[in-house]
Amino acid sequence: MVFPVVEVEHLGKKFRRGESFDTLRDLIPGTLRRLRQSDSRREDRWFWALRDVSFSVNAGEVLGIVGANGAGKSTVLKILARILRPTTGRLMVRGRLRALIEIAAGFHPDLTGRENIYLNAAILGMKMSEVRKRFDDIVEFAGIGPFLDTPVKRYSSGMFARLGFAVAAHLEPDILVVDEVLAVGDAAFQAKCLGKMRDVAGQGRTVIFVSHNMRAIQQLCHRVLLLERGSIVREGPPTEVVEAYLARALSHGASGECSLSMDPAMPIVVSRVRVLSENGDITTLFPRSERVVLEIEGTVNEGGRRYIVALDIRTIDGLLLFRTHSFEQPESYRILDKKGPFVLRCYIPSEFLSAGRYEVGIVVAERGVCEFENRHRIIAFDVFQDHPLRGSDIMTTVGLVTPHCDWERIR
Amino acid sequence: MNMPVYDERPFDKSETAVIHDGQKQLVHDPPEIRGPDGSPAQSVDRGDQVWTWSADEHLTGFAVWREMIWEIYSYRELLGQLVLRDIRIRYKQAIMGFAWALLMPLLIVAAGCLVKIALAHASGGNVDLPRVAGMSIKALGWAFFAGSIGFAANSLVSNMALVTKVYFPRELFPFSAVITQWIDTCVGGGFLLVLLAFFANISISVEWLWAVPVVLLLVAMTTTVALLFSCANVFFRDVKYIVQIVLTFGIFFTPVFYEPELFGPHGSFIMMLNPLSPILEALRLAIIEKHNLLLPVITEGHDGLRFTTWHIGFLIYSAVISLGGFLWAWRYFHKMEFVFAEYV
């Protein structure tokens with residue numbers, strides 16, 4: 001049985017911009033000034049953060065919301081969470097809705113971990129009897145056992161975040177609304193959070209998920225909305241919407257080309273690096289089913305030496321995924337030992353990188369001698385999932401890379 | 001840099017008129033929540049109703065009150081946790097711990113004794129113990145009022161992170177401030193009663209029963225002012241200075257360290273117009289003087305003029321203001337609470 005548990009109709013939210021009266025002292029002259037101004041000027045002070053947004057979410061569905069900063073994602077969430085009242089329109093929710101916009105908002109630094117668990121659980125809307133029942137689970141999930149009776153101001157920031165998420169993770173709402181809570185903490189913690197989110201989604205609960213993490217969006221969501229300037233501009237399966245979002249974001253994002261200004265007196269000079277599609281167009285957006293071509297242009301000024309050009313592929317959060325270099329096969333340094341200009345191409349295999357944004361760095365060196373150049377983040381590109389994920393596919397795109405591994409049964 | 005250009009066209013109300021028909025959308029029979037495979041989803045809270053959230057407040061009349069009271073009731077555990085938090089913070093870092101609660105009434109009583117002794121010297125009379133006892137009861141009432149207001153006025157602003165990030169009825173903040181102060185006052189009050197019984201030979205009497213409705217009025221009055229100030233502080237940041245001034249000088253305009261009859265017939269009447277005065281006077285009369293509040297008190301002034309210093313009408317006047325004010329302030333707060341997150 002499919003029925004909507006969240007129905008949003010023609011939602012609009014108007015905010016005041018500019019002058020607002022923060023003190024009573026300013027109110028009186030401000031009011032006089034306002035009276036003198038015409039109505040049309042007064043309207044200038046308002047802008048619509050959301051405008052005529054309608055959507056519905058069915059029970060058990062995981063809905064993603066993506067969009068650039070300022071597109072109105074947080075406003076939608078805050079209206080869903082009843083923190084803001086809409087200016088126009090209406091929404092209806094069936095069941096227990098809990099919003100995790102910030103998980104540690106209720107913490108008080110002077111209280112102990114134990115006290116904060118109860119306080120924060122109450123703030124997030126958990127019943128005290130439930131907390132008592134799940135208290136041990138929460139402590140275990142957070143991994144703060146020995147520090148339970150220490151004031152949280154003495155916690156490391158990691159422990160603080162873990163405790164926050166541990167409480168939030170033990171909420172059992174029918175509808176869960178999640179903002180960028182996954183953006184905090186280290187990679188292991190993020191993986192744990194994502195895992196928990198997947199569990200929640202797998203239990204048939206309804207989830208509304210806002211994130212900049214395209215990989216998480218593609219892995220978790222059944223359907224995605226793309227917001228732009230307060231309106232829904234695209235709605236559909238994750239692959240399609242994420243592609244549309246990336247295409248829009250990248251039109252003024254990273255460029256696929258970078259000119260390096262290396263000292264021309266160096267024995268080897270790299271002048272330009274580009275990201276290309278397989279048919280040679282400059283692009284920064286790649287479906288997983290295509291190879292990413294990285295092209296390096298330069299000049300060898302002194303021949304006969306063992307030069308290496310290496311490319312570092314990093315995730316957006318700076319994790320070095322791998323380094324690939326022109327020295328990969330034996331004797332391959334010969335491709336750079338002749339004097340004169342050169343163009344190298346490096347092919348990153350298809351179906352290898354999972355969806356997300358990657359940054360490219362370059363290292364130019366001579367084997368066993370020295371590094372001539374080492375630069376991070378000269379260009380960036382995005383990879384998206386170009387065929388819909390099915391249950392079994394989700395298993396294969398969990399990690400950062402999806403190399404093709406051979407399996408056989410030997411016994 | 002390319003800034004997004006917002007279309008400034010005001011939204012046409014008629015476009016949304018079709019959406020809500022002005023009816024309260026309480027659906028009493030929500031469809032069962034089920035997982036995608038048709039099995040019932042876990043932990044569906046039957047207590048939670050289907051709710052709607054729209055641009056206009058669609059509830060009217062008693063339905064609003066039912067909702068307001070229901071909300072506070074369903075968030076009672078959070079209210080308890082907030083009170084617990086405030087009490088823990090108050091006593092955790094203090095060296096004296098719970099003795100802190102005793103210090104405030106003791107100080108006020110000491111200050112009052114000083115004033116009484118000075119007055120006695122000036123008029124050539126003696127310091128009479130019942131007067132000091134009466135003053136200490138009123139001082140405790142004032143300490144509760146002032147403490148709650150001072151604490152409540154900042155309660156929304158200092159919990160900014162919560163107000164903008166999590167939903168729950170915002171009334172909980174001023175309410176918890178008043179309750180926390182109330183617990184403090186009870187500790188101080190118990191201590192004070194022991195002192196009074198010991199030094200001023202005050203004993204229990206039937207008239208003490210008057211204290212129950214009078215204290216209720218005091219709490220209503222305090223909550224009214226707490227709601228209004230905490231709300232105003234969100235919109236205007238200089239309200240906290242106004243609160244400080246009111247609390248610093250308010251004690252001079254309220255009969256705490258003196259009795260209204262000192263001002264003569266007209267003066268005492270004007271003094272009683274402060275809605276807090278009859279409440280504090282009633283506390284003193286009932287507990288210390290063991291006076292039945294229904295009967296008037298007639299005092300003879302220095303010039304032999306007899307005038308009424310207490311009449312049940314004063315208390316009725318206070319009751320109307322504090323109870324009416326409480327209902328109005330709560331309703332007003334409830335109406336405004338949905339814009340707090342935009343201003344804080």
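Readers should treat all values here as calculations from the given coordinates under stated rules, not as data from a laboratory. Please read all numbers here as calculations on a predicted model, not as lab measurements. Don't worry about glycine lacking a Cβ; one is built from the backbone with ideal geometry, like all the others, and counts go over all protein chains shown.
Collect residues whose amide H, placed 1.01 Å from N in the peptide plane, falls under 5 Å from the amide H of A:Val224; neighbours closer than 5 in sequence don't count.
A:Gly64, A:Gly236
Using only atoms on other chains, find how many Cβ atoms lie within 10 Å of each Cβ of peptide B:235-245 and report the average.
3
Can you give me the three principal axis dimensions of the stretch B:196-344 from its C-alpha atoms, in Å, biggest first?
Here the Cα extents, ordered largest to smallest, are 59, 33, 31 Å.
Provide Rg and Dmax in Å for the stretch B:63-343, with only Cα atoms included in the calculation.
Final numbers for Rg and Dmax: 19.9, 65 Å.
Taking the mean number of other Cβ atoms within 10 Å as a proxy for protection, how do you rank B:284-293, B:107-116 from highest to lowest?
Packing order, densest peptide first, comes out as B:284-293, B:107-116.
Output ³J(HN,Hα) for the stretch B:236-250: one whole-Hz value per residue in order, computed from phi by the Karplus curve 6.51 cos²θ - 1.76 cosθ + 1.60 with θ = phi - 60°, and x for Gly and Pro.
10, 6, 7, 4, 5, 6, 4, 4, 4, 5, 4, 6, 6, 9, x
Report, in debye and to the nearest 20, how large the dipole of the stretch A:130-210 comes out about its Cα centre when Lys and Arg carry +1 and Asp and Glu carry -1 on their Cβ.
That gives a dipole near 140 debye.
Taking the Cα centre of the stretch B:63-343 as the origin, how large is its charge dipole in debye, to the nearest 20, when only Lys and Arg (+1) and Asp and Glu (-1) carry charge on their Cβ atoms?
In debye, rounded to 20, the stretch B:63-343 gives about 620.
Can you give the mean number of other chain Cβ atoms that lie within 10 Å of the Cβ atoms in peptide A:76-88?
Whole-number average of other-chain Cβ neighbours for A:76-88 is 5.
Test of understanding: what is the full-extension gain from B:Trp208 to B:Ile316, defined as 0.36 nm times their sequence separation minus their Cα-Cα distance?
Between B:Trp208 and B:Ile316, full extension yields 37.1 nm more.
Can you pull the percent of Cα pairs in the stretch A:136-205 with separation above 14 Å?
Cα-Cα pairs of the stretch A:136-205 separated by over 14 Å account for 60 percent.
Above 30 Å lies some portion of the pair distances; for chain A, what is it as a whole percent of all C-alpha pairs?
56
Mind checking A:119-128 for the average number of partner chain beta-carbons within 10 Å of each residue's beta-carbon?
That average works out to 6.
Out of residues 5 or more away from A:Asp386 or on other chains, whose amide H comes under 5 Å of its own, with H placed 1.01 Å from N in the peptide plane?
Result for A:Asp386 returns A:Arg288, A:Ser289.
By how many nm would the segment from A:Arg16 to A:Glu371 lengthen if fully extended, with 0.36 nm per residue of separation less the alpha-carbon distance?
Contour length minus Cα-Cα distance gives 122.3 nm.
How much length is gained on full extension from B:Trp100 to B:Leu114, taking 0.36 nm per residue of separation minus their Cα-Cα distance?
Fully extending the segment from B:Trp100 to B:Leu114 adds 2.9 nm.
Using r as the Cβ-Cβ distance of B:Val297 and B:Asn126, and R0 as 25 Å, what FRET efficiency do you calculate, to the nearest 0.05?
Computed FRET efficiency for B:Val297 and B:Asn126 comes out at 0.70.
For A:Leu321, which sequence-distant residues (separation of 5 or more, or a different chain) have an amide H within less than 5 Å of its own amide H, given hydrogens modelled in the peptide plane?
A:Ile313, A:Arg314, A:Thr315
Quick one: divide the alpha-carbon radius of gyration of the stretch A:207-320 by 2.2 N^0.38 Å and tell me what you get.
That works out to 1.42 for the stretch A:207-320.
Helix-only mean residue ellipticity at 222 nm, chain A, DSSP H runs n ≥ 4 weighted -39,500 (n - 2.57), per residue, nearest 500. What is it?
Dividing the helical sum by the residues of chain A leaves -8000 deg cm²/dmol.
Too long at a 19 Å Cα-Cα cut-off: which of A:Lys13/A:Lys78; A:Lys14/A:Lys78; B:Lys138/B:Lys290; A:Lys153/B:Lys165; A:Lys78/B:Lys165?
A:Lys153/B:Lys165
If you plug each phi of the stretch B:157-172 into the Karplus form 6.51 cos²θ - 1.76 cosθ + 1.60 with θ = phi - 60°, what whole-Hz ³J(HN,Hα) values come out, in order, with x for Gly and Pro?
5, 6, 9, 3, 4, 6, 4, 8, 10, 10, 8, 6, x, 5, 4, 4
Would you please give the FRET efficiency between A:Arg25 and B:Ile245, computed as 1/(1 + (r/R0)^6) with r the Cβ-Cβ distance and R0 = 22 Å, to the nearest 0.05?
0.95
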